[in-house]
Amino acid sequence: MNRRGVAAIAIAVVGIAGCGSSSSSSSSSTSSGLSPAAYRSEINKICADENAKITALPASTSNSVSGLEKELAINESTLSQVKGIAAPSSLSAAANSWLSTVEQEFSIGTTLINDLKAGKTGAVQSQVRKATPLITKGNDAAKSLGLASCAIDGQPSGH
C-alpha cells in the first residue's frame, strides 16, 4: 500500500480517538455532583463540538501527516475536556471502561502518525488492525452510555 493510501486509512483511526481520556481520568470521582442525564449532556456537547471542528477541516486534511496532526490536536483537546468532567457513580464503571478503550485508540492514532512520519508502512498497517476492534468497542460503549455524539467518527469535509 502506498503512503497516501496508508494515510487515508490512518485518518479513520485518528478520527476515533475523539471523546476520551486515560483510565486515570477524574471520571471515577463523584465530586461533580452531576446527574447521569447532566453528565451525558455535557459529554455529548464536547463530542459534538469536536465533530464540528473536524468536519469543518478541509477534506484534504486526511491526505497529509500535518493534517492528521491537526485532527489529533483536536482529539487531544477533547480528551482534556472530558477528563475534567466526573461521571456520576452510577455511570462510573462504564465510563471508565469506555475511556480506557478511547485512550487505547488515541495511543494508536499517535503511533500511526509517528509511523507515517518514519515511513513505516507495515507498522501503520499493523496499528490499523489493532484499532479496528477498538473502534467498534469504543463506539458501542459510547452508545451504551447514551453518548451518541461520541460514537460518531467525524471526517474532514470542509472547503
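May I ask which residue of Pro36, Ile152, Gly119 lies farthest towards the positive end of the charge dipole of the range 33-159, with charges of +1 (Lys, Arg) and -1 (Asp, Glu) on Cβ and the Cα centre as origin? Value computed over the given set: Gly119.
Taking Lys and Arg as +1 and Asp and Glu as -1, the other residues whose beta-carbon sits under 11 Å from that of Glu50 total -2.
Decide, for the range 80-159, between rounded, prolate and oblate: order the square roots of the alpha carbon gyration tensor eigenvalues as a ≥ b ≥ c, take rounded if a/c falls under 1.5, and otherwise choose prolate if a/b is larger than b/c, else oblate. Verdict is prolate for the range 80-159.
Using the Cα atoms as the points, what is the convex hull volume per residue of the range 39-139 in Å³?
92
Taking a ≥ b ≥ c as the square roots of the Cα gyration tensor eigenvalues, the range 41-83 comes out oblate, since a/c reaches at least 1.5 and a/b does not exceed b/c. Here the Karplus relation 6.51 cos²θ - 1.76 cosθ + 1.60, evaluated at θ = phi - 60°, turns the backbone of the range 65-80 into coupling constants of 5, 4, x, 4, 5, 4, 5, 5, 5, 5, 4, 5, 5, 4, 3, 4 Hz, with x for every Gly and Pro. Put simply, the amide H of Ile85, placed in the peptide plane, has no neighbours under 5 Å, leaving out anything fewer than 5 places away on its chain.
If the chain linking Ser60 and Ser41 were pulled fully straight, counting 0.36 nm for each residue of separation and taking away their Cα-Cα distance, it would gain 3.7 nm.
Every read-out reported here was derived from the displayed coordinates using simple, explicitly stated rules and does not represent laboratory data. Owing to the predicted nature of the structure, the values given are computational and were not obtained by experimental measurement. Glycine also receives a Cβ, built like all others from the backbone with ideal geometry; neighbour counts cover every protein chain displayed.
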